Amino acid sequence: QTNATFAGQVHLTGGMRLERDESGIGNGRWAFLPMLGAAWSRQINTLTVKLRSAYGKGIRWPEIPARETLWEGLRSSASNLEPEEQSGVEAGIDLYVRNQFAFQVTRFDQVASGLIQRVAIAHDTGATPVAVTERIRYELQNVGEITNRGGELQASFRQSGWRLAGTFTQVNSRVRKLANAYTGDLRPGDRMLEVPERTVGFTAGWTGSRWQASLTASRAMDWVNYDRVALAKAFATT
């Protein structure tokens with residue numbers, strides 16, 4: 001990674017991360033993760049203005065947490081799954097007044113691919129004793145491509161040891177394309193599961209010479225997931 005600054009106002013950042021997954025098939029799998037960023041800042045009396053933009057790519061190699069193995073009938077191994085990747089751009093503007101007030105606006109447009117979901121599949125119990133029959137089994141599968149577009153607002157204020165901060169985020173996360181081997185319920189255009197459309201947060205804190213304290217509240221709104229109570233009732237019936 002390298003950084004450069006020109007005239008104290010233009011800041012450039014660039015880098016490349018190389019990762020290798022030893023659990024991959026054959027000689028392992030490689031990933032090249034680039035990162036580019038640019039920012040322009042200008043100070044006018046007590047006001048500092050910064051314009052920024054960045055591009056980046058990240059990866060998470062497939063793993064099966066211990067809790068996943070507790071699901072009865074779960075099958076699939078990490079070697080059969082593609083890694084979860086995310087890439088995209090973001091741009092924003094920051095305003096600072098002395099060291100007391102800060103306000104940030106960020107807009108992002110990202111694409112996530114290979115997200116892993118636990119998919120329910122039918123299980124053939126014809127050759128299995130009735131006492132141990134399983135009507136449903138679960139398999140870890142890559143969903144496909146997901147678009148994440150939205151924005152974030154952040155503001156904070158400091159005065160005499162006190163700090164107040166608030167955040168608001170809005171995200172439109174939808175399925176863009178399904179993986180060829182995916183057999184789950186999601187379809188192109190569907191909202192992604194477990195992704196709130198809006199989140200808000202507020203923090204109040206105080207820092208003294210020997211003590212510090214803070215209180216944080218957050219709320220996630222308008223998100224969708226499976227109705228697990230209804231699924232459990234249906235599973236318990238014939």
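Data overview
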{"item": "Per-residue [θ]222 nm for the chain (sum of -39500 (n - 2.57) over DSSP H runs n ≥ 4, rounded to 500)", "result": "-1000 deg cm²/dmol"}
{"item": "Chain lengthening between E194 and E82 when straightened (0.36 nm per residue, less Cα-Cα)", "result": "38.2 nm"}
{"item": "Cross-link partners of K177 among lysines (Cα-Cα below 28 Å; sequence separation of 8 or more within a chain)", "result": "K57"}
{"item": "Using θ = phi - 60° and Karplus 6.51 cos²θ - 1.76 cosθ + 1.60, couplings along segment 43-50 (whole Hz; Gly, Pro as x)", "result": "9, 10, 6, 8, 9, 10, 10, 10"}
{"item": "Solvent exposure, largest accessible area first (probe 1.4 Å, DNA, RNA and ligands not counted), of S160, S209", "result": "S209, S160"}
{"item": "Of the GluC sites (Glu not before Pro) in segment 138-238, those whose Cβ has at most 15 other Cβ within 10 Å and which sit in DSSP loop", "result": "E194"}
{"item": "Once exposed loop trypsin sites (Lys or Arg not before Pro) are cut out (DSSP; at most 13 other Cβ, 10 Å), longest piece of the chain", "result": "1-97"}
{"item": "GNM top mover of T13, T216, T207 - the chain, alpha-carbon springs below 10 Å", "result": "T207"}
{"item": "Most fluctuating residue given options F32, F103, F168, as computed from a GNM of the chain linking Cα atoms under 10 Å", "result": "F32"}
{"item": "Residues of the chain: accessible area per residue with a 1.4 Å probe, Å²", "result": "67 Å²"}
{"item": "Under 29 Å from K233, Cα to Cα: lysines that are on another chain or at least 8 residues apart", "result": "none"}
{"item": "Potential lengthening between Q212 and Q100 on full extension [0.36 nm per residue; Cα-Cα distance subtracted]", "result": "38.5 nm"}
{"item": "Which labelled figure in (i) 124; (ii) 201; (iii) 147 is volume of the Cα convex hull per residue in Å³, once derived from the coordinates", "result": "(ii)"}
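The values are calculated or read from the model by the stated rules, or taken from the named source; none is laboratory data. This structure is a prediction, so every number in the text was calculated from the model and none was measured. FYI the Cβ positions are ideal-geometry reconstructions off the backbone, even for glycines, and counts take in every protein chain you see. For accessibility, only protein heavy atoms count, side chains too; no ligands or nucleic acids. Shrake-Rupley method; radii C 1.70, N 1.55, O 1.52, S 1.80 Å.
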